[in-house]
């Protein structure tokens with residue numbers, strides 16, 4: 001799952017793009033964009049969020065960002081991937097001059113000093129992913145939809161667990177034995193045969209299942 005894209009997806013507002021543009025039409029090789037990125041980043045020494053940076057590029061009507069329909073999940077992915085592709089290229093250029101660039105969806109920031117030389121040889125899967133334009137070309141609407149479905153499924157499981165802790169009256173992270181012990185204790189009073197509510201007993205079982213299966 002591309003968590004950077006998920007971050008941008010969640011930050012998306014209701015603003016409409018000016019025209020529809022397919023991610024496969026994006027051309028991240030336009031040299032003037034590096035100068036524009038440096039200009040914007042210099043105005044935000046404390047860092048800028050990816051959403052705000054992409055909106056600034058759209059406001060300046062710069063190709064390829066001006067034409068992206070941000071309410072189209074697939075095109076939003078194309079915008080995100082293209083921007084990160086450019087940022088990692090810019091990071092490489094800055095490292096040649098001894099400077100650095102912090103890249104995260106919540107903070108993109110120019111650094112006075114780049115990473116230590118020995119760290120440059122260490123694997124960076126994210127960098128490799130975003131510098132490979134084939135990753136963009138092979139990510140169609142179906143792949144983006146699947147990515148978002150996976151995110152919402154994981155998010156739903158997280159919410160289910162939070163509710164489960166509340167139902168059982170336990171602090172998050174309690175050991176499995178404590179969960180089972182608490183379940184047995186509550187089941188004594190909530191079981192329909194003991195005069196409890198059927199709905200509450202079902203909810204109790206669902207809470208236990210969410211935590212320990």
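Residue 175 passes every criterion in (1) touching a helix residue (DSSP H, G or I) at 6+ places or on another chain (Cβ under 7 Å); (2) loosely packed, with under 12 Cβ neighbours inside 10 Å; (3) without any contact (Cβ under 8 Å) to a residue 24 or more places away in the chain apart from (1).
For region 7-22, the count of residues that are surrounded by fewer than 18 Cβ atoms within 10 Å (Cβ to Cβ) and at pLDDT 90 or above is zero. Checking each residue in region 95-108 for being modelled with pLDDT under 90 and outside any loop (DSSP other than H, G, I, E, B) picks out 95, 96. Given the structure, is residue 188 in a helix (DSSP H, G or I), under 22 Å from residue 75 (Cβ atoms), at pLDDT 80 or above and in contact with a helix residue (DSSP H, G or I) (Cβ under 8 Å, 6 or more places away or on another chain)? It is false that residue 188 is in a helix (DSSP H, G or I), under 22 Å from residue 75 (Cβ atoms), at pLDDT 80 or above and in contact with a helix residue (DSSP H, G or I) (Cβ under 8 Å, 6 or more places away or on another chain).
Tell me, please, whether a residue that is at pLDDT below 90, assigned by TED's automatic domain parsing to the domain that holds residue 109, in a loop (DSSP other than H, G, I, E, B) and within 15 Å of residue 103 (Cβ to Cβ) can be found in region 53-74. The answer is no; no qualifying residue exists.
For residue 160, the conditions (1) modelled with pLDDT under 85; (2) out of contact with any helix residue (DSSP H, G or I) (no Cβ under 6 Å at 6 or more places or on another chain); (3) closer than 30 Å to residue 74 by Cβ all hold with the exception of (2). All of (1) modelled with pLDDT of 90 or more; (2) not in a helix (DSSP H, G or I) hold for residue 91 with one exception: (2).
Against the condition over 30 Å from residue 200 (Cβ atoms), out of contact with any strand residue (DSSP E or B) (no Cβ under 6 Å at 6 or more places or on another chain), modelled with pLDDT under 85 and not in a strand (DSSP E or B), how does residue 150 come out, does it pass? Against the criterion (over 30 Å from residue 200 (Cβ atoms), out of contact with any strand residue (DSSP E or B) (no Cβ under 6 Å at 6 or more places or on another chain), modelled with pLDDT under 85 and not in a strand (DSSP E or B)), residue 150 qualifies.
The values are calculated or read from the model by the stated rules, or taken from the named source; none is laboratory data. Just so we're clear, the structure is a prediction, and the values are computed from it rather than from any experiment. Glycine gets a Cβ as well: all are built from the backbone with ideal geometry, and neighbour counts include every protein chain shown.
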